[in-house]
Amino acid sequence: MSGTTRNHVEASPRNSRYVFENFADLQPRSSPWLIKGVLPARGVAFIVGQSKAGKSFLAIDIALNLAVGSETVLGRKATPCGVVYIAAEDADGCRGRVAAWRTKYRVKGRIPFDLVAQGLNLLNEEQVADLRASLVEASDRFRQQGSRLGVVVLDTLSKTIPGVDENASTDMSTAFAVIEELASSIDALVLVVAHFGKSGGDKGIRGWSGFDANSDATITLEREADDPNLRTLTIAKVKNGIDGGRLAFRLEPVGLEILDEDGDELTSCVPVYEVARDRAKGRLRPMSNHEQIVLAAVEHLTDHGPNDPQTINRHGVTHLIHAVSRDAVRECAFANGLGSKTELPAAVRQRFHRALDKLITRGRINVEGSLVWLL
């Protein structure tokens, strides 16, 4: 090979996916937002909270405000978009919440909001491929209506990973990768509704720690112990933004003008927002370890059974509850550290009943006869 040819080969540029930007040339880029400073336009975000904290009510309110074209959501500037809401848990309840929102705000006609009532297994490749293709079709349909598919809500995380150990890093990291891929494939935000860890909000999203670490944004939601109808949301994490912002809301009952089989009007609720409390003042004593163990037992049995679904009416509001046996709660709590085999059974029972009474006072559970349920 001649020297000229060799030099020519050596000078040929090498193709690479990597681009090096020099210090002097770097320029900042603004990140697009769905809700400025709260939810990014793309990626994976979470709404996480206790059971019965109002997570689905909040997710539906955010979704419908974006779909109807509200200029502000959660008090922040918003970018309207289409929404697909996958109600993998309690689809009928979600239908009622949407109907209540529609009634309260007198919204008529079609908006770019679709609800999917079918279940989803994120670890089932066939189901995920079907969903991905369906979302692409929904995106095209929304585009023809003059809107962009901007948000897909998964409600809830636990129902989209049926039978999976939520602490198993292999399965859970795979599930998160599937969620990320869905978001990327439709160039949108996937907003996941999830539960706190068993010991409360300080443990973050229940199960695999990678959810907290890899999320683009996280909104936490808690009920105030001394005012259970008051929910406080906190912007716990937001990439390229400032976290720590807080807002509160109460659930306002709305009649749906539809009667059940007993002739009672069906009802649901919508969030009504207010300024969050100053938590530096008048904060109640945190839950004791015994209360946390008993509450975790109720939450576990509610999610995983055995439980008894029932419809109850409280103050004119219809609720679907999943009641669990008081005896099953005591056994589960005992197995998780409420007592030991060396203690007298009477002492453990007394400890259990004290914890139940305190959780009732806090507005976290209700007890009627042999049944217990989350509030």
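The values are calculated or read from the model by the stated rules, or taken from the named source; none is laboratory data. Since the model is a prediction, treat every value here as computed from it, not as a measurement. Neighbour counts run over all protein chains shown; Cβ positions are idealised from the backbone, glycine included. Side chains included, ligands, DNA and RNA excluded: accessible areas come from the protein's heavy atoms. Shrake-Rupley method; radii C 1.70, N 1.55, O 1.52, S 1.80 Å.
Counting the residues of the stretch 114-170 that are assigned to a helix (DSSP H, G or I) and surrounded by fewer than 17 Cβ atoms within 10 Å (Cβ to Cβ) gives 16. Selection over the stretch 338-349 of residues that are open to solvent by 30 Å² or more (accessible area, probe 1.4 Å), of a type outside the set (Lys, Arg) and not in a loop (DSSP other than H, G, I, E, B) gives a count of 3. When restricted to residues that are of a type outside the set (A, V, I, L, M), open to solvent by 70 Å² or more (accessible area, probe 1.4 Å) and part of a strand (DSSP E or B), the stretch 254-277 contains 3.
Restricting attention to the stretch 278-309 and to residues that are modelled with pLDDT of 85 or more, crowded, with 17+ Cβ neighbours inside 10 Å and polar (S, T, N, Q), the residue that is farthest from residue 350 (Cα to Cα) turns out to be 302.
Residues of the stretch 54-69 that are surrounded by fewer than 21 Cβ atoms within 10 Å (Cβ to Cβ) and among the aliphatic types (A, V, I, L, M): 68 alone.
Quick one: which residue in 251, 247 is open to solvent by less than 50 Å² (accessible area, probe 1.4 Å), in contact with a Cys (Cβ under 7 Å, 6 or more places away or on another chain), closer than 26 Å to residue 217 by Cβ and at pLDDT 90 or above? Explain how you work it out, then say what you get.
Details: 247 fails: in contact with a Cys (Cβ under 7 Å, 6 or more places away or on another chain).
The unique qualifying residue is 251.
Taking first residues from the stretch 353-375 that are without any contact (Cβ under 8 Å) to a residue 40 or more places away in the chain and partners that are among the aliphatic types (A, V, I, L, M), the Cβ contacts under 6 Å between residues at least 6 apart in sequence or on separate chains come to 366/375.
Residue by residue, here is whether (1) touching a Phe, Trp or Tyr at 6+ places or on another chain (Cβ under 9 Å); (2) open to solvent by less than 50 Å² (accessible area, probe 1.4 Å); (3) at pLDDT 85 or above holds:
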site	(1), (2), (3)
311	no, no, no
318	no, yes, no
331	no, no, yes
351	no, yes, yes
357	no, no, yes
364	no, yes, no
368	no, no, no
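Of all positions in the stretch 171-187, none carries a residue that is assigned to a strand (DSSP E or B), among the hydrophobic types (A, V, I, L, M, F, W, C) and modelled with pLDDT of 95 or more.
If I filter the stretch 78-90 for residues that are over 28 Å from residue 207 (Cβ atoms), out of contact with any Phe, Trp or Tyr (no Cβ under 7 Å at 6 or more places or on another chain) and not hydrophobic (A, V, I, L, M, F, W, C), do I get at least one hit? Let's see the steps before the verdict.
Of all residues in the stretch 78-90, those over 28 Å from residue 207 (Cβ atoms) come to 78-82.
With the extra rule that they be out of contact with any Phe, Trp or Tyr (no Cβ under 7 Å at 6 or more places or on another chain), the set shrinks to 78, 80-81.
Now drop any that are not not hydrophobic (A, V, I, L, M, F, W, C), which leaves 80.
Yes, some residue in the stretch 78-90 is over 28 Å from residue 207 (Cβ atoms), out of contact with any Phe, Trp or Tyr (no Cβ under 7 Å at 6 or more places or on another chain) and not hydrophobic (A, V, I, L, M, F, W, C).
Scanning the stretch 228-243 for residues that are at pLDDT 90 or above and open to solvent by 40 Å² or more (accessible area, probe 1.4 Å) yields a count of 2.
The conditions of being surrounded by fewer than 15 Cβ atoms within 10 Å (Cβ to Cβ) and among the β-branched types (Val, Ile, Thr) are not met by residue 79.
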